[in-house]
Amino acid sequence: MAETQDTIVVREIEGAEIRAGRLSNQRIISTISAQYLPTVSNSIEALIMTLPGVVSNNELSLQYSVRGGSFDENLVYVNGIEIFRPFLVRSGEQEGLSFINPNLVSTVQFSAGGFDAMYGDKLSSVLDVRYRRPTEFGGSLSLDLLGASAHLEAASRNQKWRGLIGARHKSNQYLLNTLPTQGDYRPAFTDVQTYLLYLPNPRLEFEFLGNIALNSYQFIPSSRQTRFGTSDNPLGLFIHFQGQEISRFNSVFGAFSTTFRPHPNLQHRLTFSGFQTVEREYFDILGAYRLGGIDIGNDSKPANLMGVGAFLNHARNDLNAIIYNVSYQGRLMKERVFLLWGVRFQREDILDHLNEWTMVDSIGFALPHPQIPFDSLDFNNTFRNPSRPPLLQNVFRADHHLITNRYTGFLQANFEVSPELAVVAGIRFSYWNFNNEFLVSPRASLTFAPRNLENWTFRFATGVFHQPPFYREMRDLDGNLNHDIRAQRAIHFVGGVDHYLTLWNRPFRLTSEVYYKALSNLIPFEIDNVRIRYLAQNIGRGYATGIDFRLAGEVVEGAESWLSLSIMRTRESTNGGSFIPRPTDQRVNFNLFFQDHLRGSDNLRAHLNLVFGTGLPFGSPEGLRNLETLQNRGNFRLPPYRRVDLGLSYHIRAFNLGRLWLSAEIFNLFDMNNTISYLWISDFTGTQYAVANHLTSRRLNFRVSVNF
């Protein structure tokens, strides 16, 4: 990790420490206390989502989009080791816990673009997390209505042995019961994580990082009743369900590192790591629906039927992926130069069986069926009519066993040209034997802090960023692998300025950045909830441009607050056609986190988190299968995402328990109906209606936390 980068210290309960000077090439410094942030996930990702340029429109999900990129374009590192997430997760309800355990975290670094060559090959962002190296015994325990967590840390008397262990359990059942579809939700997410250190002498150290995660999700739907339409033409959808969904996402991760320092200024680090995920997604859900207008005084059933039918959603998806790698990194520190270099070999073994389809039936007539017009419908037809087999929609089938090797490396130099100017320059290379593509990615950045302008810092970064396809990007909508797939490419241009100012006699920092990303070799995709489906063809080009602002400081003395504003536009063209909005084109995103406490005492605190984001574009259910309908994506947009979460915390300084906090949180304070996706329903004529799938409504949560 480059010492020139700014660091967010999230462990400090009473505040955070700024450990970077003005000559930092990282654009974010936040002196926040992550423990106070009122969020459903209680994760480091929830903290990242409050930063400018970062967007998330789903409180149940840990996925985020950065400056118009997809969820798959973000790098995540823990102790310098890249972290992978499950493949088959399609909704926030299934996601479970983040790999990053916030109870173990020491520092967090984040870049929304123009990051250094030492980091890997993704198009959008990098999140770099470091766990603590404990020096004494300590721990924590937290209980709330959504789950529990605990951790212990210790060190030997001679400080040669140090270790952390944390365990978490979470169930979102309390929240999921507020979703539009009623039923029996049974989510259960558990993980155990450990970080061990052995330092036999000042020149040598050994590290081990391990994680076991067991995530299961069972859902037995019963019914759904949704009103939509307008006040002049109110409509109602009524569905009765049979069947269930059973999903499991279990993973094991382990990494062993050896660091050798033959000289105080020279370091060598060798790391072996492995990750295995075993995922299963099985469901058969039959829904019988009625669609029609409703009476304002009685909306228990449609007043005049517009459609009657059923749909059957079926899946038998299994995936087993093993990813292991070995890497070497070296560092050499001189008086004004800091050199970094490294190489890595990664092997991926993926076994995938995908069998998924949907069948839609309207009054015994399987849709679509172009050979039979509506006027000649046989209303005695059923799903089981042997004379005409039913037609299936959204058919996805795959049966692959893929073994590939990746080779990557980098060389980077950090120069302190003068006390006012720092330059970082580097180059990456990568090779993948699946498509025999060799890539070179030069990157550079500079930071200028003029001596005569002590309160100003100016930054500029540029570079080429490639993203070689991972498994999902190379699998098309029919389940076939594209062996000619190439890496997507982005060229970043980022300019920023930091201004340190004084408001209410307290220090504040105003950060702003303007950026442009030229995108080529794009693989078009569509998003449904948090599931991404790719076209598996490099037929797109596009751009993303915008400006970010962030103001952070103590509006109330001793309590950090901040606001972030992002204005962005991202568009793409497929096969040389006209430019249309990308699925992540959120024009405006605003976040406000405000803290307050009683004057003269911080025992009682209030925390307010407000999020507003304009609607994302979406299209018809045909999606990527029909490029003509894809061109109409920009004509439809989701409603704006609006959410306010409120937290109250009381600090008890008694019973010799260390830090004891009692907290109450109100999620979605104003009970706003946020839309995550649409359910498409057909009437008698085959006309389709988009019925909103809403996210969680208002809920009250209580938490007890102890740190010792």
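A few notes on this one:
- Residue pairs meeting the criteria (Cβ under 9 Å; at least 6 apart or on separate chains; first in contact (Cβ under 8 Å) with a residue 24 or more places away in the chain, in segment 312-332; second among the aliphatic types (A, V, I, L, M) and not in a strand (DSSP E or B)): 314/392; 317/88; 318/88; 319/88; 329/118
- Top-ranked residue of segment 497-507 - restricted to ones that are open to solvent by 10 Å² or more (accessible area, probe 1.4 Å) and in contact (Cβ under 8 Å) with a residue 12 or more places away in the chain, ranked as farthest from residue 65 (Cα to Cα): 504
- Annotation note: of 596, 602, the sole residue that is assigned to a loop (DSSP other than H, G, I, E, B), more than 19 Å from residue 490 (Cα to Cα) and either in contact (Cβ under 8 Å) with a residue 40 or more places away in the chain or touching a Leu at 6+ places or on another chain (Cβ under 6 Å) (or both) is 602.
- Candidate set: segment 562-596, residues that are open to solvent by less than 50 Å² (accessible area, probe 1.4 Å) and of a type in the set (Val, Ile, Thr); chosen: the one farthest from residue 50 (Cα to Cα): 574
- Filter result for residue 139 (under 29 Å from residue 707 (Cβ atoms) and either touching a residue at least 12 places away in the same chain (Cβ under 8 Å) or in a strand (DSSP E or B) (or both)): yes
- Selection from segment 529-561 of residues that are open to solvent by less than 40 Å² (accessible area, probe 1.4 Å), over 22 Å from residue 47 (Cβ atoms) and not in a strand (DSSP E or B): 529, 535, 536, 539
- Boolean, residue 432 is of a type in the set (A, V, I, L, M, F, W, C), over 23 Å from residue 114 (Cα atoms) and either surrounded by fewer than 15 Cβ atoms within 10 Å (Cβ to Cβ) or touching a Cys at 6+ places or on another chain (Cβ under 8 Å) (or both): no
Residue-by-condition table, conditions (1) in contact with a strand residue (DSSP E or B) (Cβ under 8 Å, 6 or more places away or on another chain); (2) open to solvent by 10 Å² or more (accessible area, probe 1.4 Å); (3) assigned to a strand (DSSP E or B):
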| residue | (1), (2), (3) |
| --- | --- |
| 444 | yes, yes, yes |
| 451 | no, yes, no |
| 478 | yes, yes, no |
| 485 | no, no, no |
| 509 | yes, yes, yes |
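- Some residue of segment 287-307 being open to solvent by 40 Å² or more (accessible area, probe 1.4 Å), among the aromatic types (Phe, Trp, Tyr) and modelled with pLDDT of 85 or more: no
- Taking (1) modelled with pLDDT under 95; (2) of a type in the set (A, V, I, L, M, F, W, C); (3) under 30 Å from residue 394 (Cα atoms) in turn, residue 487 satisfies each apart from (1).
- Restricting segment 27-45 to residues that are in a loop (DSSP other than H, G, I, E, B) and modelled with pLDDT under 70 leaves a set whose member that is surrounded by the most Cβ atoms within 10 Å (Cβ to Cβ) is 27.
- Subset of segment 228-286 that is within 17 Å of residue 324 (Cα to Cα) and among the hydrophobic types (A, V, I, L, M, F, W, C) - its residue that is most open to solvent (accessible area, probe 1.4 Å): 272
- Assessment of segment 638-652 against the conditions (in a strand (DSSP E or B), modelled with pLDDT under 85 and open to solvent by 30 Å² or more (accessible area, probe 1.4 Å)) yields at least one matching residue.
- Residue in segment 142-161 that is crowded, with 23+ Cβ neighbours inside 10 Å, of a type in the set (Gly, Ala, Ser) and in contact (Cβ under 8 Å) with a residue 12 or more places away in the chain present: no
- Here residue 623 meets the list (1) modelled with pLDDT under 80; (2) over 27 Å from residue 176 (Cβ atoms) almost entirely, failing just condition (2).
For (1) touching a residue at least 12 places away in the same chain (Cβ under 8 Å); (2) in contact with a Pro (Cβ under 6 Å, 6 or more places away or on another chain); (3) under 28 Å from residue 348 (Cα atoms); (4) of a type in the set (A, V, I, L, M, F, W, C), each residue gets a yes or a no:
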position	(1), (2), (3), (4)
211	yes, no, yes, no
232	no, no, no, no
238	yes, no, no, yes
255	yes, no, yes, yes
275	yes, no, yes, yes
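- Leading residue by the ranking (most open to solvent (accessible area, probe 1.4 Å)) among those in segment 177-187 that are touching a Phe, Trp or Tyr at 6+ places or on another chain (Cβ under 8 Å) and assigned to a strand (DSSP E or B): 186
- Some residue of segment 165-176 being within 30 Å of residue 691 (Cα to Cα), over 26 Å from the mean Cα position of the chain (by Cα) and buried (at least 18 other Cβ atoms within 10 Å of the Cβ): no
The values are calculated or read from the model by the stated rules, or taken from the named source; none is laboratory data. Note that this is a predicted model, so its numbers are computed, not measured. As a convention, Cβ positions derive from the backbone with ideal geometry for all residues, glycine included, and neighbour counts pool all protein chains shown. Quick note on the areas: whole protein, heavy atoms, side chains included, nothing else; ligands and nucleic acids left out. Shrake-Rupley method; radii C 1.70, N 1.55, O 1.52, S 1.80 Å.
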